[in-house]
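The values are calculated or read from the model by the stated rules, or taken from the named source; none is laboratory data. Source: prediction; values computed, not measured. Neighbour counts run over all protein chains shown; Cβ positions are idealised from the backbone, glycine included. Ligands, DNA and RNA are stripped out before the accessible areas are found, and what is left, the full protein with its side chains, is counted by its heavy atoms. Shrake-Rupley method; radii C 1.70, N 1.55, O 1.52, S 1.80 Å.
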Amino acid sequence: MQTLILNNGIEMPALGLGVFQTPPDETRAAVAAALDLGYRHIDTAAAYGNEREAGQAIRDSAVPRDDVFVETKIWISDYGYDETLHGFDKSAAKLGVDRIDLLILHQALPSEFGKTLAAYRALEKLLADGKVRAIGVSNFMVDHLTMLLDATSVVPAVNQLEIHPYFQQRAVLDLDDEHGILNQAWSPIGGITFYPGYGENRRSVPQDPVVTRIAQTHGKSPAQVLLRWGIQQGRSVIPKSTKPARIAENIDVFDFDLTADELTALDALETGRRGGPEPEDVTLARYGRAIPEA
């Protein structure tokens, strides 16, 4: 497994298992299968409702806890300094861990950015106290990152974004690179995860002729080509699946390289169409919901 070094020196596996939209009763089996297959990075979130099951699979595994990189996210309903500190307590208890490897803010919440800044300062406190090993953000655009960097002292280790050849967010990636923030791709395969109300007419990236042609050249699947595209460009990727065969396929991406021409061809597929919600649309009125206690 290839690893990446975060801006505070922490080592993180380049590829992990995501469990977005994975029902709780399927999460435990998916995480267990992933760990058996060699995954050492699990990405979940308070809003997914499956932290408890992910944590149980990690505890039940023969893989030592220190060998598993656990990442989770604070939901917007728990933004605010004290609220976010309590959000950590809830997530840690559900996961069954004393320390979380990477804790990030799930959305920028632009309409109430003061709460976002207070939440991030709580992450800084958790980092200083050794309760988390690294902190970061998710779905932060250029203006959100600029405001955050101006108002806080710890540069995020990670910005988790929708990144695939059809939607590359190059301006955000460039700003992240400038500040040493690792770009982490959710929906790295594209065309698989659809948000309600968003992306219903989006084309499936794995079915793109350019992707399928490159896959045939290497004797790999389109999904493997798309994951390799992200990894070769220095990003973390967290594909999701509940099927053991697909979970195994997604980790089998470290034995081939895309050529410079192939990378360029994939880069040229940009459509500028986001599959998930616009960051400005994420408000407490629309998306706020209570995160249950542990």
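Some notes on this structure:
- Heavy-atom accessible area per residue - the stretch 199-274, 1.4 Å, Å²: 47 Å²
- For the stretch 70-152, the Rg and Dmax computed from alpha carbons only, in angstrom: 11.7, 35
- Accessible-area ranking of His164, His86, largest first, probe 1.4 Å: His86, His164
- For the chain, the share of DSSP beta bridges that are antiparallel, to the nearest 5, is 15%.
- Here the stretch 152-294 was treated as a single set of alpha-carbon atoms; its pair distances binned every 10 Å from 0 give 10, 37, 35, 14, 3, 0 percent.
- Using only Cα coordinates, the Kirkwood hydrodynamic radius of the stretch 134-190 works out to 11.4 Å.
- Summed over qualifying helices (DSSP H, 4 residues or more, each -39500 (n - 2.57)) and divided by its residue number, the chain shows a 222 nm mean residue ellipticity of -11500 deg cm²/dmol.
- If you take the Cα centroid of the stretch 1-58 and the Cα centroid of the stretch 243-294, the two points sit 15 Å apart.
- Listed by chain and number, the aspartates and glutamates whose C-alpha is less than 12 Å from the C-alpha of Lys131, apart from same-chain residues fewer than 8 away, are Asp89, Asp98, Asp101.
- Multiplying each eigenvalue of the alpha-carbon gyration tensor of the stretch 64-208 by 5 and taking the square root yields semi-axes of 26, 18, 15 Å, largest first, rounded to whole angstroms.
- Cα gyration tensor shape of the stretch 1-78, rounded if a/c is under 1.5, else prolate or oblate by comparing a/b with b/c: oblate
- Estimated FRET transfer efficiency (Ala29, Ala285; beta-carbon r; R0 30 Å; 0.05): 0.25
- Share of carbon and sulfur in the accessible heavy-atom surface of the stretch 1-71 [1.4 Å probe, %]: 48 percent
- Sequence-separation-based contact order of the stretch 67-223, relative, with Cα cut under 8 Å and 6+ spacing, percent: 16 percent
- The residues of the stretch 1-137 expose on average 36 square angstrom of accessible surface per residue, using a 1.4 Å probe on protein heavy atoms.
- Of the residues Ala30, Ala62, Ala45, the one that moves most in a GNM of the chain with alpha-carbon contacts below 10 Å is Ala62.
- Additional length obtainable on full extension of the chain from Ser204 to Gln2, 0.36 nm per residue less Cα span: 70.0 nm
- 0 to 90° range, to nearest 10: angle between helix 209-218 axis and the chain longest Cα axis: 80 degrees
- Simple point charges give the picture: +1 on the Cβ of Lys and Arg, -1 on the Cβ of Asp and Glu, and for the chain a dipole about the Cα centre of about 540 debye.
- Considering only beta bridges that DSSP places wholly inside the stretch 1-132, some 25 percent are antiparallel.
- The stretch 226-274 shape via C-alpha gyration tensor axes, a/c threshold 1.5: oblate
- Estimated dipole of the stretch 148-294 in Debye, rounded to 20 [Cβ of Lys and Arg +1, of Asp and Glu -1, Cα centre]: 640 debye
- Inter-probe distance in nm under a simple model that places probes 7 Å from Cα toward Cβ, at Gln216 and Ala260: 2.6 nm
- Percent of C-alpha pairs per 10 Å bin, the chain, short to long: 6, 30, 38, 22, 4, 0
- When the chain is treated as a GNM with alpha-carbon contacts under 10 Å, the residue of Asp255, Asp101, Asp60 showing the greatest mean-square fluctuation is Asp255.
- Degrees between helix 142-151 axis and first principal axis of the chain (Cα, 0 to 90, nearest 10): 30 degrees
- Percent carbon-and-sulfur accessible area, the stretch 217-294, ignoring ligands, DNA and RNA, probe 1.4 Å: 50 percent
- Measuring with a 1.4 angstrom probe and ignoring ligands and nucleic acids, Arg213 comes out at about 120 Å² accessible.
- Pairwise Cα distances in the stretch 47-93 exceed 18 Å in 35 percent of cases.
- Among Asp252, Asp36, Asp150: highest mean-square fluctuation, GNM of the chain, C-alpha pairs under 10 Å: Asp150
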